[in-house]
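Working notes, structure below.
Where a number appears in this text, it was derived from the coordinates with a stated rule and is not lab data. Please read these numbers as outputs of a predicted model, since none were measured by experiment. As a convention, Cβ positions derive from the backbone with ideal geometry for all residues, glycine included, and neighbour counts pool all protein chains shown.
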Ligand SMILES: NC(=O)c1ccc[n+]([C@@H]2O[C@H](COP(=O)([O-])OP(=O)(O)OC[C@H]3O[C@@H](n4cnc5c(N)ncnc54)[C@H](OP(=O)(O)O)[C@@H]3O)[C@@H](O)[C@H]2O)c1
């Protein structure tokens, strides 16, 4: 598989279009490229590396062709139906939806954290939730060094996480025109403590995804985690306050050094000069930005940090392309 034949399912969406950018930027090698979306987009021409590709309607015959790797980002129900069809045809699916993430037979991969799990795949590989990916990248080296006991996630998530309709909702809302397309309440001028649907226990599905996916990726069922996920009127990049309690004592300087040298992380931690990660400057970047590192004095071995990443890139397209690179 030096030059695989690639397919992108959901190519006209926020994540799908970013797949194309990331493949081009990283000079990902491929031979043929097939683009799929709904019937609405069939016939649209999309350029990549100086060539125009025609978007086709996704059908159950789409994978009859010689496709090696398919990057899926067309929502959970499409993945549920079509990923097994693709896998039966020998295609390796890298799926961005939540459809397969908690399936025991499907590896859930963040290349900086658990690349070793990739070898267990049976045709479908899951890309984690955007808010989970950016959290586990800094948590993994800290867990290896100091053993995490408990994590408290509080997120501030961008509207691009809801796809094209989320961005439209914010843009129109800022003009005073609430469309009620993407959220149960206006997003302009609001913070909505409500991402995905509510479950019987009062948590949202996004919160439970963060908890369960962190445990699966870190491979540690002993981790105690809670989460509050909030949609904020920001176009791109999720920001997260992460509070961690460790088993072992740590020195703040050592934590900074560890994170500075860990893969996929850029440390921006200089409060005296007002330097910390910001959504507007991280938009378009592939790395996870970490700052505001400080001791949590309320427990014995506690740490607070602020973590920002581009949800469409590291939270989706970049992570999926990195998985494809690992496969090669
Ligand atoms: N946005 C994020 O931050 C993010 C991060 C991680 C994961 N994800 C996941 O990635 C997936 C896509 O998200 P997105 O934000 O890119 O959504 P989006 O902008 O709404 O795009 C949805 C894509 O799915 C396609 N699609 C819809 N119905 C289809 C059908 N019946 N057959 C084939 N294609 C169909 C659409 O094609 P048409 O244009 O033809 O309708 C479009 O290409 C979701 O599962 C989402 O949970 C998103």
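Summary table below
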{"quantity": "Cβ crowding within 10 Å averaged over residues, with 131-141, 12-22 ranked highest first", "calculated": "131-141, 12-22"}
{"quantity": "Calculated over segment 131-313: convex hull of Cα atoms, volume per residue (Å³)", "calculated": "125"}
{"quantity": "The chain: calculated mean residue ellipticity at 222 nm from DSSP helix runs of at least 4, using -39500 (n - 2.57)", "calculated": "-8500 deg cm²/dmol"}
{"quantity": "Shape of segment 6-100, Cα gyration tensor, a/c cut at 1.5", "calculated": "rounded"}
{"quantity": "Choice from 235, 248, 209 showing the highest fluctuation, given a GNM over the chain with Cα pairs closer than 10 Å", "calculated": "248"}
{"quantity": "Share of pairwise Cα separations in the chain, more than 28 Å, in percent", "calculated": "41"}
{"quantity": "Kirkwood-based Rg to Rh ratio, segment 23-154, C-alpha trace", "calculated": "1.03"}
{"quantity": "Paired Rg and Dmax values of segment 197-248, which use every Cα atom, in angstrom", "calculated": "12.9, 38"}
{"quantity": "Separation of the residue 224 and residue 31 label points, Cα + 7 Å toward Cβ, nm", "calculated": "5.4"}
{"quantity": "Calculated P(r) tail over 15 Å for segment 26-67, as whole % of Cα pairs", "calculated": "48"}
{"quantity": "Highest to lowest packing among 37-43, 181-187, 121-127, scored as the average C-beta count within 10 Å", "calculated": "121-127, 181-187, 37-43"}
{"quantity": "Sorted peptide list for 304-317, 192-205, criterion being average Cβ within 10 angstrom, highest first", "calculated": "304-317, 192-205"}
{"quantity": "Pairwise centroid distance, computed over Cα atoms, of segment 302-324 with segment 115-179, Å", "calculated": "7"}
